1. For the range 233-264, how many residues meet the condition of being more than 16 Å from residue 288 (Cα to Cα), over 19 Å from the mean Cα position of the chain (by Cα) and of a type outside the set (D, E, K, R)?
2. Filter the range 199-213 down to the residues that are open to solvent by 30 Å² or more (accessible area, probe 1.4 Å) and not in a strand (DSSP E or B) and list them by number.
3. Is it the case that some residue within the range 86-98 is crowded, with 16+ Cβ neighbours inside 10 Å, at pLDDT below 75 and part of a loop (DSSP other than H, G, I, E, B)?
4. So is residue 221 open to solvent by less than 10 Å² (accessible area, probe 1.4 Å), out of contact with any Lys or Arg (no Cβ under 8 Å at 6 or more places or on another chain) and under 18 Å from residue 160 (Cα atoms) or not?
5. Taking the residues in the range 109-162 that are under 23 Å from residue 244 (Cα atoms) and acidic (Asp, Glu) as candidates, determine which candidate is most open to solvent (accessible area, probe 1.4 Å).
6. For the range 295-302, check the following and say yes or no: at least one residue is at pLDDT 80 or above, outside any loop (DSSP other than H, G, I, E, B), among the hydrophobic types (A, V, I, L, M, F, W, C) and under 23 Å from residue 207 (Cα atoms).
7. Mind counting the residues in the range 236-265 that are open to solvent by less than 50 Å² (accessible area, probe 1.4 Å), at pLDDT below 80 and in a loop (DSSP other than H, G, I, E, B)?
8. Hey, residue 280 hits all of (1) assigned to a loop (DSSP other than H, G, I, E, B); (2) under 19 Å from residue 26 (Cα atoms); (3) touching a Phe, Trp or Tyr at 6+ places or on another chain (Cβ under 6 Å) but one; which does it fall short on?
Amino acid sequence: MATGKKTQVGEGLPDPLMFSPDSQFLILSRKLKDEVQIYNIANNKNTVVKRTSFDEVIAMSTDGMAQVVFSKGAKLRALKTPYDTRTGKDIVTMEKVNLQRLGSGNPAMVFSPDGRTLLIKDEQLNIMLWDVATGKSRTLPGTAGLWFVFSPDNSLLLAECGIQGKIESSTAVKNPSVQLFDVASGKSIATLKIESSDVVFSPDSKQIAASYLFNISLWDAKTGKLIRSFDKTAKPTSSPKFTPDGKILISNGSDRTFGFWNVATGKQIGSLPREANLLAISPDGTTLATGARDGRVLLWNMPVFKDTK
């Protein structure tokens with residue numbers, strides 16, 4: 001950024017940690033310091049964009065052009081300059097929304113991959129879909145739950161449903177289930193027997209990977225049918241991520257390694273020692289970034305495996 005100031009990456013977990021769509025930059029946000037850092041991978045330079053507004057940024061689209069801020073209520077804001085709230089214009093003030101984090105680490109809201117739709121929970125934890133351009137919303141009834149995931153093509157939504165009562169109180173659980181929704185119609189396509197919120201869509205939105213304890217499973221995103229179960233892991237695994245070509249799945253193991261899995265066979269084909277909890281994969285699939293609690297961000301060349309189709 002032309003007006004940014006170079007700085008060293010300081011202490012504290014860089015969360016979220018993401019690549020820019022062209023794979024040239026790493027973007028990380030430090031809420032405690034009220035700043036967004038943009039790291040240029042090619043020339044090894046780090047730029048800081050300071051937030052001068054006192055608004056709390058709750059959610060940010062991946063292109064940085066839309067945000068939800070909290071200032072005397074939640075506001076949906078469109079920006080003229082990426083990641084800079086000073087250039088923003090409020091579209092609408094959102095009412096009757098739940099702004100608490102839902103479950104362990106799950107955000108209260110999330111933007112669709114194209115940034116056109118904002119998903120948020122209402123006071124009863126049902127899913128609300130907001131149109132970023134118009135500020136209009138619609139509620140999907142019967143969707144009360146603690147987590148949700150958009151497909152990369154913005155057409156599907158995987159969500160936990162069946163929670164009753166407010167999350168602030170003693171939440172009553174009744175017949176919790178994982179539902180696959182068509183975003184356009186708001187209708188449920190299928191029910192999946194998934195026991196964890198550690199789920200991710202494949203880049204082509206055709207498959208869903210789920211991780212739970214020692215198991216990783218692969219599901220058909222069109223029918224909701226189980227495709228295969230991967231080989232059991234020696235240690236519990238979590239946070240699965242597909243490589244951009246969809247051929248490899250990377251999981252975060254409790255044995256301080258990142259495991260690499262052949263999606264076509266369900267076989268583990270390699271591992272990477274880790275000193276971090278966060279992992280990001282560049283959109284071109286050539287680089288891995290890991291973020292540690294001491295503030296270090298490490299860049300890795302993506303390993304090459306022969307055992308992939």
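The values are calculated or read from the model by the stated rules, or taken from the named source; none is laboratory data. Just so it is clear, the structure is predicted and the values come from calculations on it, not from any experiment. Methodologically, a virtual Cβ is constructed for each residue, glycine included, from the backbone with ideal geometry; neighbour enumeration extends over all protein chains shown. Protein only, heavy atoms only, side chains kept; ligands, DNA and RNA dropped before computing areas. Shrake-Rupley method; radii C 1.70, N 1.55, O 1.52, S 1.80 Å.
1. Residues flagged as more than 16 Å from residue 288 (Cα to Cα), over 19 Å from the mean Cα position of the chain (by Cα) and of a type outside the set (D, E, K, R) within the range 233-264 amount to 7.
2. Result: 203, 204, 206, 213.
3. No, that holds for no residue.
4. Values: open to solvent by less than 10 Å² (accessible area, probe 1.4 Å): yes; out of contact with any Lys or Arg (no Cβ under 8 Å at 6 or more places or on another chain): no; under 18 Å from residue 160 (Cα atoms): yes.
No.
5. 153
6. Within the range 295-302 (the criterion being at pLDDT 80 or above, outside any loop (DSSP other than H, G, I, E, B), among the hydrophobic types (A, V, I, L, M, F, W, C) and under 23 Å from residue 207 (Cα atoms)), the answer is no, since none of the residues qualifies.
7. Count: 1.
8. Of the numbered conditions (1) assigned to a loop (DSSP other than H, G, I, E, B); (2) under 19 Å from residue 26 (Cα atoms); (3) touching a Phe, Trp or Tyr at 6+ places or on another chain (Cβ under 6 Å), the odd one out for residue 280 is (1).
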